[in-house]
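Working notes for the structure below.
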Amino acid sequence: MNLITDPWIPVRGASGKSRLISPLQLLDEDDPPLELDAIRPDFNVALAQFLVGLMQWLAPDDEAEWRRIAQGQERPELERLREIVHCFQFDSGPRRFMQDMDFEPDEAGDLSALLLEAPGGKTLRDNTDLFVKRSEGTTMSLPVVAQALLTLQINAPAGGQGHRTSVRGGGPVSMLLWPAKLGGRATPLWRKLWINTLVLEGGEPHLEVVFPWMAPCLTSEGGRDVHTCLAEQPPSDIEQALLCYFATPRRIRLHFEPDGVCTLTGQRGPCATGMETRNYGANYRSELFQHPLSPYYMEKAGGFLPAHVRETGFTYADWLLTCEDSGQIRMPRALRTERLGMELRSQLPVDPVWASGFAMDNMKCLAWHEVRFRHLDLDEERKAVVLHEVRAWLDGVDHVRRELSRQLRLAWGASGSGDTSVAERELFSRTEEAFHQMVGELAAMDGVSEQQRMQCHQDMRRRWQRQLAGVALQLFQQHAERGDAAEASVQALERVALAHRSLSQAVHGGLAKKLGLVTPAAKAGRATGTRRKEKAA
């Protein structure tokens, strides 16, 4: 199977029917592909990134030409992908897609290890695979195993000594511009992919750099990393961007049989039946890359690292990652919509950002999360004003979250559970609608004086305080009666009452201070002080 010319990518067309296509069929007019349709959501995200990488290979270094294609006036020259067909052989040949063909072959292991949630070796040895059970010999059809291999290489978590993580470490956040409609019409899949590419310079990319399986593996014994290995000829901007999509941190070789039944789909045909792995694959140091689809944050040492998914998933607090470029946060380069042009930007729906990723604990997969985020499309001056105000709101909700967690633990006492994550998630979910409504109001505020703006900001902060305080106190009452508090002893009731009083103070006076609100008492104090000064004068 060749991943450029053969159908292996599951899509849903305008007719609503699902089928497999090759990348060369993305422009099909009989039943235009609209959406990816894999059997797993993580496969869909991996396929999206793979296809964006192919589109990036085709993207010109001329902004005007790139924009004409983004706006649908022209179409990408998919036939140019035939130039790299030989780099995408999958199940035969001396060089195979994302596989290491250079190490000495040995006995094949279970193919289920390609799936990130599969139990690891230590889990199997200790017999602790309680919820996600070990397989009894997995086989996968060629399309499915190609999707699984791609997903693992893109998200590779820690895997034991010398088993390297992905370019963005284990469990990275991926964010794509993914508008279901543009200008009221369904967006073809190829346009969704294209608007995530960048206009980059760097000349003709070297195949063995951007497609690492085309050369001997850049192993990492002795602490070597990829940049060290390529020091004599450092990758150009375009090579760095492409390498982010096609990096191969894991040394894997698949074993194939001409006939079999896919464990995941039940389809019969050529299958992969096992895999071999080796450690000390390529070491892609995350701080030396900036993946176009990932937000980055500043670490304590001053470098930027890719954001990762938390176990509890995404909240509206993560919305800042989609739109802020500051000294602390870098938004994904693919989300910088100014390159689209005003006409196309005006056609974007309210929630065009598709964010997703695995929450990982080292090599243990905790959860898969994905969400749709709204996009803030303003000029830099207005955007800076909005984000300054929103950061204050988010500081406020973080203050309330921490206080709610602290006071619930006090209310539960020694015998109560210490896990407050459910209440914390509910705090975000119950205030999410109010948050986005206020962001919309803030973004629409234009043509007002500075004094009016300041007054509006104060009014909105008061609304936000009331919203947070009301929800936090409701959640406290719902969750407080756990542990020995449920026994209604005098000591437990006193403890709950004390915790409730402390929380009330924190979400009123404490939160007002956090939000920089001028309280009635403070106003009265200022007025009294002013009168005293006037009288003394």
By Cβ neighbour count within 10 Å, fewest first, 97, 373, 103 rank 103, 373, 97
What spacing in nm lies between the two simple spin-label points modelled at residue 5 and residue 58, each 7 Å away from Cα in the Cβ direction? 1.8 nm
Cα→Cβ-extended label distance, 7 Å offset, between residue 489 and residue 395, nm: 4.2 nm
Using a Förster distance of 51 angstrom, determine the FRET efficiency expected from the C-beta separation of residue 261 and residue 300, and round it to 0.05. 0.50
Pull out the extension gain between residue 388 and residue 27, defined as 0.36 nm times the separation in residues minus the alpha carbon to alpha carbon distance; nm, one decimal. 125.7 nm
Theoretical ellipticity at 222 nm over the chain - DSSP helices of four or more residues, -39500 (n - 2.57) apiece, nearest 500: -12000 deg cm²/dmol
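If each residue's Cβ is checked for other Cβ atoms within 10 Å, how do 101, 140 rank with the fewest at the top?
In order of increasing Cβ crowding within 10 Å: 101, 140.
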Selection from 323, 176, 445 lying farthest towards where the dipole of the chain points positive, charges on Cβ: 445
Zone reached by a paramagnetic label modelled 7 Å from residue 381 Cα along Cα→Cβ, restricted to the range 444-467 with backbone N below 20 Å, covers 444-457
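Per residue, what volume in Å³ does the Cα convex hull of the range 21-94 take up? Don't skip to the answer; put the middle values down first.
Numbers: hull volume 9.6 nm³, N = 74.
Taking the convex hull of the Cα positions in the range 21-94, it is 129 Å³ per residue.
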Just to confirm the filter: which GluC sites (Glu not before Pro) across the range 1-66 are DSSP coil and have at most 15 other Cβ within 10 angstrom of their Cβ? 29
In the neighbourhood of residue 148 defined by beta carbon distances under 11 Å, the net charge of the other residues (Lys, Arg +1; Asp, Glu -1) is 0
For the chain: relative contact order, % (alpha-carbon pairs under 8 angstrom, 6 or more apart): 14 percent
Tally Lys/Arg at +1 and Asp/Glu at -1 over every other residue whose Cβ is under 9 Å from the Cβ of residue 252; what's the total? +2
About the Cα centre, and with charges only on the beta carbon of Lys, Arg (+1) and Asp, Glu (-1), how big is the dipole of the chain? Nearest 20 debye, please. 2780 debye
Spin-label model distance (nm) - residue 17 vs residue 104, 7 Å beyond Cα toward Cβ: 5.2 nm
Taking amide H positions as placed in the peptide plane 1.01 Å from N, state which residues far from residue 34 in sequence (5 or more) or on other chains have amide H under 5 Å from it. 12, 13, 14, 189
Which of the following values of volume of the Cα convex hull per residue in Å³ was calculated from the structure shown: (i) 207; (ii) 189; (iii) 221? (i)
Ranking of 364, 17 by count of other Cβ atoms within 10 Å, fewest first: 17, 364
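Read the figures in this text as sums done on the coordinates, not as results from a lab. Keep in mind it's a predicted model, so treat the numbers as computed, not measured. Cβ coordinates were reconstructed from backbone atoms using ideal geometry, including for glycine residues, and neighbour counts include every protein chain displayed.
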